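Read through the structure below, which is laid out as structure tokens, and then see the notes.
Values quoted throughout were computed directly from the atomic coordinates according to the rules given, and no laboratory measurement underlies them. Remember, it's a predicted structure, so these values are computed and weren't measured experimentally. All Cβ positions, even for glycine, are placed from backbone atoms using ideal geometry, and neighbour counts span all protein chains on display.
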Amino acid sequence: MQDKAYRRLFWKIVATTLSFSLVPLLALGFSMYHEFRVSYTAKIMESLRTLTENRSNAIDLFLDERISQLNTLAYTHTYDNLSDETYLNSVFTLMQSRSRSFVDIGIINRNGIHAAYVGPYEVKGLDYSNESWFQEVLLRGVYVSDVFTGFRRFPHFIIAIMRRQENRIWILRATIDTEIFEGMVKAAQVGQRGDAFVVNREGVLQTPPRFGEKLFTMSDYPIASRFGGTRLEEKVIGGEHALVASTWLRNKDWLLVVREDPREELLPLAHARLLVLGLGIGGVLLIVVGTVAVARVMIGQLIKSDREKAYLDATLMQSTKMAALGKLAAGIAHEVNNPLAVIKEKVGWIRDLLSEEDIQESENYTEFEDAVRKIDYHVDRAKKVTHRLLGFARRMEPVNEKVDINRILDETIDFLRNEAHYRNIVINTDFCRNMPQTMSDSSQLQQVFLNILNNAIDAVGKDGLISVTTQYRPSDTEICVIIQDNGPGIPSDVLTRIFDPFFTTKELGSGTGLGLSISYSIVEKLGGRVLVASEVGQGTAFSIYLPLRNGYSV
């Protein structure tokens, strides 16, 4: 249950930290990317607008210049001059030397007959009176046609100027070089997927687009009514997403359409998105790893603190129990000692009576003597128990004297040597040779060692081994005594209770359960500690750690 609580707390810490860390990070990253996308897209669209308007102005200027050239030519020369093909050829050669924008030039009379012509086609003498452009020129005076094939059977468009000379009406007509015009339009194509083309009011292509459609076909781009300025749109044309800018030309009802592939133009934006995504993922991973690491450290510290608290609580409870038990033991010992003293006194009186002759002659004398002896023995045994209780209750202050741990252990083992030999138990010693003396209480330490060795002998029973080891290194601040047996060991559920007063695993009447409690209290009073390790079937080891003191008061 405790592990589950720690896990729940761990995930709560991780979830809370990640919520407060990742939400602002993601919000900031999304906001930055959104702002960058909006500003970059606006920049792309503005660049597209500028490109389209510049190209539209260039085309309008081109047409203005061609119209101006033809106007100048028509109004500075007479019909008689220009109808002379030799003269017309010289004029055309002069025009071409400045700008090779025209393919041919011709003079058409009022009846629509091609009176004079300079150019590569055989069109002189043809009748244009029924052509739509001829009627438009007569109506408007200046006319720029749509692209058509006409008698040439080749796509072209013309600029025609009508001149009224006295009672004569005639038309100066010139064909624009479509390659030059298309080149001007294609100059607006950007990137590998960009496109630019011109359509008329009906949506018919006047210049061939870069992909798909052909000249004179209907464009996929929907034509709206004439509008002013430049229109910017994001549209799906021909099944593909495109950025489109369109503007009407000034001199002709032609719509210039410039189309760009957003995948090309927004490629830096895609790179920025990948960069932001990469940095975001890296940041998220870093935050997650850091959060998990910090949470683990926090939970680890919490577990450590809880264990220390549990140990302190257990120690405090043990101390409280020992204090309460000490008071109880003192009262019991006091109350028991008084009747024991009386019984002891009466036993002595009875023993004196048994020494008289008349009682010795009694046939029950032997039984009386045996009963008195047993009573005296058990009174002494009871006095020893009460003496232990008083020693446990009073917790006499230790004496501060120089102590040789190895010597105390040797003396204590000598006390038990016969008992161990009788049970065929070998006691091995491995003492540290450079063991320093320390300031402690030798008699109380001897009682501790005696209690633990007695327990080890009882645990082994017969035919066993007990090892006594002392350990010390110059860098240590403690002396360690290890008493280990190869007895049956102590079960884990019992191991936590062995220092409790009156707790014993021995048979009824074989032990009081005070030995280890008293030993634990003595070592704690001397500033040391007792640790026990046991495994069922492998034996038990008690480790007594005593502080190394050098001549100052305990």
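Brief remarks follow.
- The C-alpha atoms of the chain define a longest principal axis, and helix 267-354 lies at about 10 degrees to it.
- Cα→Cβ-extended label distance, 7 Å offset, between ARG100 and SER543, nm: 10.3 nm
- Extending 7 Å from Cα along the Cβ direction at ARG168 and again at ILE332 yields two label points whose distance is 15.2 nm.
- Straight-distance candidates among the aspartates and glutamates for linking to LYS124, with alpha-carbon spacing under 17 Å and chain neighbours fewer than 8 residues away dropped: ASP80, ASP84, GLU85, ASP104.
- Helix 442-460 vs. the chain, principal-axis angle (Cα, 0 to 90°, nearest 10): 80 degrees
- About the Cα centre, charge dipole magnitude for region 90-211 (Lys/Arg +1, Asp/Glu -1 at Cβ), debye: 240 debye
- Total charge dipole magnitude, the chain, about the Cα centre, Cβ charges on Lys, Arg, Asp, Glu only, Debye to nearest 20: 2360 debye
- Integer Hz, Karplus 6.51/-1.76/1.60 couplings in order for region 97-105, x for Gly and Pro: 5, 8, 7, 8, 9, 9, 8, 7, 8
- For the chain, calculated [θ]222 nm from helices alone, where every DSSP H run of n ≥ 4 adds -39500 (n - 2.57): -18500 deg cm²/dmol
- When only alpha carbons of the chain are considered, Rg and Dmax amount to 59.6, 194 Å.
- Under 17 Å from the Cα of LYS344 - aspartates and glutamates, other chains or at least 8 residues apart: GLU335, ASP352, GLU369, ASP370, ASP376, ASP380
- HIS271 paired with MET218, simple spin-label distance in nm, labels 7 Å along Cα-to-beta-carbon: 4.2 nm
- Relative contact order, percent, the chain [alpha-carbon distance under 8 Å, six or more residues apart]: 9 percent
- Anchor LYS252: aspartates and glutamates whose Cα lies under 18 Å away (excluding residues fewer than 8 positions away in-chain): GLU53, ASP60, ASP64, GLU65, GLU136, ASP146, ASP177, GLU182, GLU202
- Applying 1/(1 + (r/R0)^6) with r as the Cβ-Cβ distance of TYR40 and ASP84 and R0 = 60 angstrom yields a FRET efficiency of 0.45.
- DSSP beta bridges fully contained in the chain are about 95 percent antiparallel.
- Once backbone amide H atoms are built at 1.01 Å from N, ARG210 has ALA196 as its partners under 5 Å, excluding neighbours fewer than 5 places away on the same chain.
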